[in-house]
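Bear in mind that the values in this text are calculations on the coordinates, not laboratory data. Keep in mind the model is a prediction, meaning the values are calculated, not measured. As a convention, Cβ positions derive from the backbone with ideal geometry for all residues, glycine included, and neighbour counts pool all protein chains shown.
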């Protein structure tokens, strides 16, 4: 890629090949030349601003600058007097003089600060919605439901056939035989009680997820992928057809070689919702005669097992999503580190993984939107048929906004354009 400044207002990027999500992926702001030209030329760009830099020295091109930072307490953003944008009447933006972000130790503290009037916005949990809904008029705020989120939570099995430095396999070959069997994964998919997750954990504010791309992504979402409704009888039939049955009457199935189907399911501590989901996942598999041990570990340990040691068997974890499916290529392309069930493949291990690789690359290079949609929808259908990830539910995006803010515009992507936000009580 080459970059050239054609004039004071035009930058030209020349890419080695077409790349449809290029503009959306340009997430880095323009840096101030008078500050960074020297460090860039000296090769010290990445070390110039560090965690120890005085926040008031950090210069950007946004509507606010950092005015004050008190660790573990607050960040105060001050109006940028040099901001470039004006409104339709020629008034310089932003309207607000400052925005204060309060740092809280937990979600309960955040809710308390909102209810006592200290804060003007609160990201609402499903369990809080019923409490807050009747208080909107009395406490002068509005609740907003913005549909399913982009982020996903899923169950996955380790299918990595590699070995560690000691020559020991990452996954017991017996268990690798189970996890690599698509009929086994489809059977497990039928054991997930998504209605129980929505009703019991998300307080009715959730959506069953079937496709790898959330409906929040608009037409990229494929609503017609294969589905696996909660059906223990169907799960039992699929496992019976494999010849994996309980031969000794202890309630646990054995595989075709007589090995009890027993494995460990891990998730991370510090996320009560995910832990509760994992318990429902475990219970569903147990109903189908699978012996599943549930273990909750610290998130950093979970990530280490997932990306470094590959020492795990089954896992419930979540990934963020986005409006363009390309953001998931690190997960879906077989050569990538986040291809969780079998990362860093030199060549795709299966035909269906090779096909998803092709579709993601082709879609990233296709500039016709409708063709991109078709390619990504095909990839979702293949993923749903082979279930390397067994999805749970999508949470509702909920927020409470104090009725003292003007120009709020709740959409799929946020609640306002901060440049145009103003207060109606001053």
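Across the range 1-105, Cα-Cα distances exceeding 18 Å account for 66% of all pairs. Annotation: average projected area of the range 35-180 is 17.8 square nanometres, based on the convex hull of Cα atoms across all directions.
For the chain, the relative contact order works out to 22 percent when only alpha carbon pairs closer than 8 Å and six or more residues apart are counted. Label separation (residue 355 vs residue 411): 3.6 nm, computed from points 7 Å beyond Cα along the C-beta direction.
Compute for the range 239-373: radius of gyration divided by Kirkwood radius, i.e. Rg/Rh, restricted to C-alpha atoms, rounded to two decimals. Please list the in-between numbers first.
Numbers: Rg = 18.5 Å, Rh = 17.5 Å.
Rg divided by Rh gives 1.05.
For the pair residue 337 and residue 426, a Förster radius of 41 Å applied to the C-beta separation gives a FRET efficiency near 0.25, rounded to the nearest 0.05. Over the chain, DSSP H runs of length four or greater, each weighted -39,500 (n - 2.57), average out per residue to a 222 nm ellipticity of -8500 deg cm²/dmol. Between the range 249-283 and the range 1-50, what is the C-alpha centre distance in whole Å? That distance is 48 Å. Between the range 171-195 and the range 92-162, what's the alpha-carbon centroid distance in Å? Answer, in whole Å: 35.
Volume per residue of the convex hull around the Cα atoms, evaluated for the range 81-157, comes out as 223 Å³.
Shape index of the range 233-295: Rg/Rh, with Rg the Cα radius of gyration and Rh the Kirkwood radius from the inverse mean 1/r over Cα pairs, equals 1.05. Working from label points 7 Å from Cα in the Cα-to-Cβ sense, the residue 72 to residue 165 distance is 3.6 nm. Dimensions of the range 338-426 along the principal axes, based on C-alpha atoms and rounded to the nearest Å, stand at 63, 32, 22, largest first. Distances between every pair of Cα atoms in the range 152-396, grouped in 10 Å steps from 0 to the bin holding the largest one, split as 7, 31, 37, 21, 4, 0 percent.
Take the Cα of residue 145, step 7 Å toward its Cβ, do the same at residue 203, and the gap between the two points is 1.3 nm.
Rg and Dmax, both from the Cα atoms of the range 121-166 and both in Å, are 20.8, 65. Dividing the Cα radius of gyration of the chain by its Kirkwood radius returns 1.01 for Rg/Rh.
You can think of it this way: the chain between residue 47 and residue 286 has 80.9 nm of extra reach, that is 0.36 nm per residue less the Cα-Cα gap.
If I stretch the segment between residue 26 and residue 172 completely, what's the gain in nm (0.36 nm per residue apart, minus their alpha carbon distance), one decimal?
Stretched fully, the residue 26-residue 172 segment lengthens by 48.3 nm.
Looking at the range 152-396 alone, DSSP beta bridges between its own residues are antiparallel in about 60 percent of cases. Sequence-distant contacts, meaning Cα pairs under 8 Å at least 6 residues apart, place the relative contact order of the range 152-396 at 32 percent. Net length available on complete extension from residue 136 to residue 242 is 32.7 nm, with 0.36 nm assigned per residue and the Cα-Cα distance removed.
Taking every DSSP beta bridge that has both ends in the chain, the antiparallel portion is near 85%.
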